[in-house]
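Chemist: Got a structure for you, written out below as structure tokens; questions coming shortly.
The values are calculated or read from the model by the stated rules, or taken from the named source; none is laboratory data. What you are looking at is a predicted structure, and each value in this text was computed from that prediction instead of being measured. A quick note on method: Cβ atoms are made from the backbone with ideal geometry, for glycine too, and the neighbour counts reach across all protein chains shown. Note: accessible area is taken over every heavy atom of the protein model, side chains too, but ligands, DNA and RNA are not part of it. Shrake-Rupley method; radii C 1.70, N 1.55, O 1.52, S 1.80 Å.
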Amino acid sequence: MRVVLPDNSELELPEGATGLEAARAIGPKLAAEAVLVRTNGRVQDLRLPLQDGEPIQILTTRDKNDPDALAVLRHSSAHLLAEAVRRLYPGVKIAIGPPIENGFYYDFEFPEPISEGDLPRIEGEINNELAEGREWTREEVSADDARQRFLEEGEPYKVELVDTAEGAISLYTQGDFTDLCRGPHLQNSRPIKAVKLTGLAGAYWRGDEKNTQLTRIYGTAFYSKEDLAAYLERIEEAKRRDHRRLGPQLDLFHFTERSPGSPIWHPRGMVLWYELEEIRRRENEKRGYQEIKTPIIYDAETFWTSGHFPKYEDLMFKLEIDEQPWAIKAMNCPGAMLLFGSRLRSYRELPMRLAEPTPLHRNELTGTLHGLLRVRIITQDDAHIFCTEEQIQDEIAAVVDYARYLYGLFDMTASAELSTRPQNKLGTDEQWDRNEAALEEALKLNDIEYTIAEGEGAFYGPKIDLHMEDALGRKWQMGTIQLDSQMPSRFGLTYMGPDNQEHSLYVIHRALYGSFERFIGILIEHYGGAFPFWLAPVQVRVIPVGEDHRAAAADLRERFSEYRVEVDERDETVGKRIRDAELDKIPFVIVYGDKESDQSLAVRKRGGEQATLGLEALRSELARL
Ligand SMILES: [Zn+2]
Ligand SMILES: [Zn+2]
């Protein structure tokens, strides 16, 4: 048989040859360095047979940044972790251990709880394994044999996995550790140059809170020590930028046990909020949106109509009013539908773009709450665009343009994921062809990089998920743009066409910041708390050297009243007050003493740069920013 290599040359191999045999046929060095085969975008274990005629790519230790090559290295490292834990903690039960983005984990049921302090010892044991060297072997067995094996080893989670497994059952063994696993895995442990255990967390078996809580050990692994060091440095930087730390430190917000998942916004945090709100209002107005405000609570009937019940019922806070079931809205759609349906609509009113930033509530589990990134109160920069089928293309294009503009204000790069028709779709293939093409065209028109998530759309329409990449290269899911014909029809919405007939219509649900809460959390981390001048809650701080200079400082604040200027006249030394201004990440600090005057101001810019500027020069510098 033949396989096709990346340079389009063909390689002649005996029938049923494996990826490893293909590598050997090319050269012994390649075979020694091989970690994985990729065929048609799918990854395959080196030990498995290739198909006649298929294109193959053999990944080696040189592909050290390739996500698939990293995943196989990390998955193999997860198995080393399980081997180490089994040796160190007799009686431990093992669950699952997959690779994940940036690393891997393995879930265990420990006889006694362990703590972060135990991780170095486990890591040491993994390093012993690496020093000794491990080879992986793969075998396929019957379900009965596999069950028997894990029963004897006292591994109930593995037995359960065998019982629910579909297809062939494969086992991977290294040292004296055998795991039920689909693979793929490395040939041996030589490519693993650096392993680091990064943390502990609780995790329910199969993600179900009714099941036993297991201990999840997180780790990561790399093809070189330098790559691990660079990764750990990025993690440290991310910690320094953590919005949960910076938020209270910069006096922006805090959280309270009295209402988990709902931030208490401080005056400085509200400055950020209103800057975003001002952009939202300004751009909405420019782009032909109208502002509305609709109720926060509705009777259950409304959510049955909207389809939020029963799908999102668990996520919604419920109430009883006059002995009837009600709920707090988790999405704004019902209000917009009711508004549109409040009277007969003409085609002349379309497209109708209704914007609404009313707060929503979602009953996220306490354990999943995470600073501003996962909250219970969600204030979306939401809008519902009612339009005809012919208007879809232009409306979506306008929304994507809006998103690109918005993210550009914060120096973040937008990318997108386009989700297409699922199995259980409503509507005809022609409709879906047209609508998916409209969304894709909008992304192309705006030069937004996108990937396609085949079959991931909602049953009523395709959608675009918007992602942004921040200063640390991390991707965040931001807004969504979702096309929908289902909800208008559930609410019985139509419009009168030029033919005096009623027609069905579409709605585009879209939020671009996503939510104010989450967006501010991401901005804090993106900027590391050092907001650009236009966004900074305090833009200028004046430090009068002595009591005699307070009047002059107050006067300066007055004269720069179009900016957010603060005077720090605490009885602290000048040095201490300058350091505090640095910690508060204030863009401009003016120290005012005997030597200062309108002609000569001592101005310290964030980052340490100092200058002596006249008042007018400073004014034009601020205006430029
Ligand atoms: Zn595995
Ligand atoms: Zn909606």
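Chemist: Looking at Ala168, Leu88, Gly53, which one has the Cα that reaches farthest to the positive end of the dipole of the range 50-180 (charges on Cβ: Lys, Arg +1; Asp, Glu -1)?
Modeler: Leu88
Chemist: Continuing with the same structure: Can you give me the relative contact order of the range 372-463 as a percent, contacts being Cα pairs under 8 Å and 6 or more apart? Don't skip to the end; give the middle numbers.
Modeler: Values: 103 pairs, mean separation 34.4, N = 92.
The normalised contact order for the range 372-463 reaches 37 percent.
Chemist: Please provide three numbers in whole Å: the alpha-carbon extents of the chain along the principal axes, with the largest listed first.
Modeler: Extents along the principal axes, in whole Å: 85, 76, 60.
Chemist: Right, next: Compute log10 of I(q)/I(0) for the range 270-367 with the Debye formula, placing one identical point scatterer on every Cα and leaving out solvent, at q = 0.10, 0.13 Å⁻¹, to two decimals.
Modeler: -0.36, -0.60
Chemist: If you don't mind, another one. For the range 214-292, what is the Kirkwood hydrodynamic radius in Å, using each pair of distinct C-alpha atoms?
Modeler: 16.6 Å
Chemist: Let me ask another. If only Cα atoms are counted, what is the Rg of the range 323-470, and what is its Dmax, in Å?
Modeler: When restricted to Cα atoms, the range 323-470 yields Rg and Dmax of 17.3, 53 Å.
Chemist: Further, regarding this structure: Restricting to DSSP loop positions (anything but H, G, I, E, B) with no more than 15 other Cβ atoms inside 10 Å of their own Cβ, which trypsin sites (Lys or Arg not before Pro) remain in the range 11-83?
Modeler: Passing sites in the range 11-83 are Arg62.
Chemist: Follow-up question, since we're still on this one. Net charge around Phe459, counting only other residues with Cβ within less than 13 Å of its Cβ (Lys, Arg = +1; Asp, Glu = -1)?
Modeler: Its environment carries a net charge of +3.
Chemist: Using a simple charge model, +1 on the beta-carbon of Lys and Arg, -1 on the beta-carbon of Asp and Glu, nothing else, what dipole does the chain show about its Cα centre, in debye to the nearest 20?
Modeler: The dipole of the chain has a size of about 1200 debye.
Chemist: Taking each pair of distinct Cα atoms in the range 181-249 once, what is the resulting Kirkwood hydrodynamic radius in Å?
Modeler: Its Kirkwood hydrodynamic radius stands at 15.1 Å.
Chemist: Which pairs in the list Lys196/Lys225; Lys239/Lys463; Lys293/Lys425; Lys425/Lys463; Lys29/Lys193; Lys425/Lys475 are over 22 Å apart, alpha-carbon to alpha-carbon?
Modeler: Result: Lys239/Lys463; Lys293/Lys425; Lys425/Lys475 exceed 22 Å.
Chemist: When you take every Cα atom in the range 155-297, what is the radius of gyration, and what is Dmax, the widest Cα pair distance, in Å?
Modeler: According to the Cα coordinates of the range 155-297, Rg and Dmax are 24.5, 68 Å.
Chemist: Normalise the Cα radius of gyration of the range 65-114 by 2.2 N^0.38 Å (N = residues in it) and let me know the number.
Modeler: 1.24
Chemist: Something else about it: May I ask for the Kirkwood hydrodynamic radius of the range 443-519, worked out over all distinct Cα pairs and given in angstroms to one decimal? Write down the numbers at each step before the final one.
Modeler: Details: mean 1/r = 0.0668 Å⁻¹.
With all distinct Cα pairs of the range 443-519 included, I get 15.0 Å.
Chemist: Let me ask something additional. Using only the alpha carbons of the range 1-63, determine the length spanned along each of the three principal axes and report them from longest to shortest in whole angstroms.
Modeler: Each principal axis gives a Cα extent; for the range 1-63 these are 26, 23, 22 Å.
Chemist: Could I ask something else about it? Over all directions, average the projected area of the Cα convex hull of the range 404-540 and note it in nm².
Modeler: Approximately 11.1 nm², given one-decimal rounding.
Chemist: Put +1 on the Cβ of every Lys and Arg and -1 on every Asp and Glu Cβ in the chain; which of Pro587, Thr302, Leu11 then has its Cα farthest towards the positive end of the dipole?
Modeler: It is Pro587.
Chemist: For the range 561-625, with only Lys/Arg (+1) and Asp/Glu (-1) charged at the beta-carbon, what is the dipole magnitude about the Cα centre, in debye rounded to 20?
Modeler: Details: 12 positive and 15 negative charges, 63 e Å.
Rounded to the nearest 20 debye, it is 300 debye.
Chemist: Right, something else. Lys210: which lysines have alpha carbons under 26 Å from its alpha carbon, excluding same-chain residues fewer than 8 sequence positions away?
Modeler: Lys93, Lys158, Lys311, Lys318
Chemist: Of the heavy-atom accessible surface of the range 514-625 (probe 1.4 angstrom), what whole percent is carbon and sulfur?
Modeler: That share works out to 47 percent.
Chemist: When the Debye formula is applied to the Cα atoms of the range 23-111, each taken as the same point scatterer, what base-10 log of I(q)/I(0) results at q = 0.16, 0.17 Å⁻¹?
Modeler: For the requested q values the scattering log ratios are -0.73, -0.79.
Chemist: Let me ask something else about it. Charges only on Cβ, +1 for Lys and Arg, -1 for Asp and Glu: so what's the dipole of the range 293-421 about the Cα centre, in debye to the nearest 20?
Modeler: 100 debye
Chemist: Let me ask you something else. Taking a temperature of 37 °C and a viscosity of 0.692 mPa s, what whole-number D in µm²/s does Stokes-Einstein yield for the range 498-578 with Rh from Kirkwood over alpha carbon pairs?
Modeler: The calculation lands on 193 µm²/s.
Chemist: Looking at the range 1-36, which GluC sites (Glu not before Pro) are in a loop (DSSP not H, G, I, E or B) and have at most 12 other Cβ atoms within 10 Å?
Modeler: In loop regions of the range 1-36 (DSSP not H, G, I, E or B), the sparsely surrounded GluC sites (Glu not before Pro) are Glu15.
Chemist: Based on the alpha-carbon gyration tensor of the range 28-74, what equivalent-ellipsoid semi-axes (square roots of 5 times the eigenvalues) come out, in whole Å, largest first?
Modeler: With the √(5λ) rule applied to the range 28-74, the semi-axes are 17, 13, 9 Å.
Chemist: Would you please state the base-10 log of I(q)/I(0) at q = 0.13, 0.20, 0.21 1/Å for the range 466-612, with intensities from the Debye formula using one equal scatterer on every alpha carbon?
Modeler: Calculated log10 I(q)/I(0) at the listed q: -0.71, -1.14, -1.20.
Chemist: Let me ask you something else. Relative contact order, percent, of the chain when contacts are C-alpha pairs under 8 Å separated by at least 6 residues?
Modeler: Here the relative contact order equals 9 percent.
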